[in-house]
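A short write-up of the structure that comes next.
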Amino acid sequence: MASGRQTTMAEIKLNKTELKDQKNLLAQLSKYLPTLQLKKQQLQGEVEKVRGEYAAVEKEMAERRASMSTWSELLSQKLTINLYQLVQIDNVSRRSENIAGVEVPFFDDISFVEVIYSTYIKPVWLDRAMRELRVLVGLREKKKITQERVDVLGEELRQTSIKVNLFEKRMIPQTKEHIRRIKIFLGDQEIAAICNAKIAKDKLKKKAALALEVTDD
């Protein structure tokens, strides 16, 4: 990020050193602003993309629940097998990727605790039910991690937007105004110095002329 001091209108010193400092600051701010604007643009695209992914996961979950409704009543049957054990999570695999300078999480895979039960006591529909339920649980975990990505990218976008607004609407205009004021002041000083020099020169001429008159007398 651009460095350098950012002073208020009352604090700036009206001299050449301050003018140089303000010009350097303006150069740094102007150089860094396009980087911030590009990051903001990238983040906006990523946030829109991940929100689309989140909506797609929600849609798939709804479709699978709807397809399961045709046989979900079977799950209410009295069984010797604990259905919750069939979907007990062993591990949720996730990874991190750097997007626009921020680390965000991605869902990779999910594994379940192995369940061993006798093939003689299980109903014929159980294997299918287990597969469908596990897919649904996997989608639920993917949805959670996708929401994390939405939150992380959304917060980074918010912070970057604040910085862009600060640069565009405050820091750069204020620095330009500082430079303008210093230039006006120094310009006025230069004009005053020229005028004073001219006045002093005229006085010297008058003194010289007066001295000649005295000599002539």
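In the set (1) modelled with pLDDT of 85 or more; (2) outside any loop (DSSP other than H, G, I, E, B), E114 fails one condition alone, (2).
Among the conditions (1) closer than 24 Å to R95 by Cα; (2) under 17 Å from the mean Cα position of the chain (by Cα), the only one that E141 does not satisfy is (2). Please verify whether region 32-52 includes one or more residues that are closer than 30 Å to D127 by Cα and free of Cβ contacts under 8 Å to residues at least 12 places away in the same chain. The answer is no; no qualifying residue exists. Report every pair of residues separated by at least 6 positions or lying on different chains whose Cβ atoms are under 6 Å apart, first residue within region 102-128 and aliphatic (A, V, I, L, M), second at pLDDT below 75. Between residues of region 102-128 that are aliphatic (A, V, I, L, M) and residues that are at pLDDT below 75, the close pairs are I121/T80. The condition of being part of a helix (DSSP H, G or I) and closer than 20 Å to M61 by Cα holds for K143.
Of all residues in region 144-156, which are more than 16 Å from G101 (Cα to Cα), in contact (Cβ under 8 Å) with a residue 60 or more places away in the chain and surrounded by 17 or more Cβ atoms within 10 Å (Cβ to Cβ)? T146 - this is the single residue of region 144-156 that is more than 16 Å from G101 (Cα to Cα), in contact (Cβ under 8 Å) with a residue 60 or more places away in the chain and surrounded by 17 or more Cβ atoms within 10 Å (Cβ to Cβ).
Of the candidates V92, V57, V50, the single residue that is in contact with a helix residue (DSSP H, G or I) (Cβ under 6 Å, 6 or more places away or on another chain), assigned to a strand (DSSP E or B) and either β-branched (V, I, T) or modelled with pLDDT of 95 or more (or both) is V92.
For E156, indicate whether it is within 23 Å of Q42 (Cα to Cα) and not in a loop (DSSP other than H, G, I, E, B).
Yes: the conditions hold for E156.
Within region 95-102, is there a residue that is in a helix (DSSP H, G or I), under 30 Å from L36 (Cα atoms), of a type in the set (S, T, N, Q) and modelled with pLDDT of 90 or more? Let's see the steps before the verdict.
Narrowing region 95-102 to residues in a helix (DSSP H, G or I): none.
Checked region 95-102: no residue is in a helix (DSSP H, G or I), under 30 Å from L36 (Cα atoms), of a type in the set (S, T, N, Q) and modelled with pLDDT of 90 or more.
Scanning region 148-165 for residues that are among the aliphatic types (A, V, I, L, M) and within 15 Å of P34 (Cβ to Cβ) yields a single hit, V164. Say whether the condition of being under 35 Å from the mean Cα position of the chain (by Cα) and either modelled with pLDDT under 75 or among the acidic types (D, E) (or both) is met by at least one residue in region 62-78. Looking through region 62-78, at least one residue is under 35 Å from the mean Cα position of the chain (by Cα) and either modelled with pLDDT under 75 or among the acidic types (D, E) (or both). Applying the set (1) assigned to a helix (DSSP H, G or I); (2) farther than 24 Å from K31 by Cα to K176 leaves exactly one unmet item: (2).
The values are calculated or read from the model by the stated rules, or taken from the named source; none is laboratory data. Predicted model, so just to flag it, every value in this text is computed and none were measured. Neighbour counts run over all protein chains shown; Cβ positions are idealised from the backbone, glycine included.
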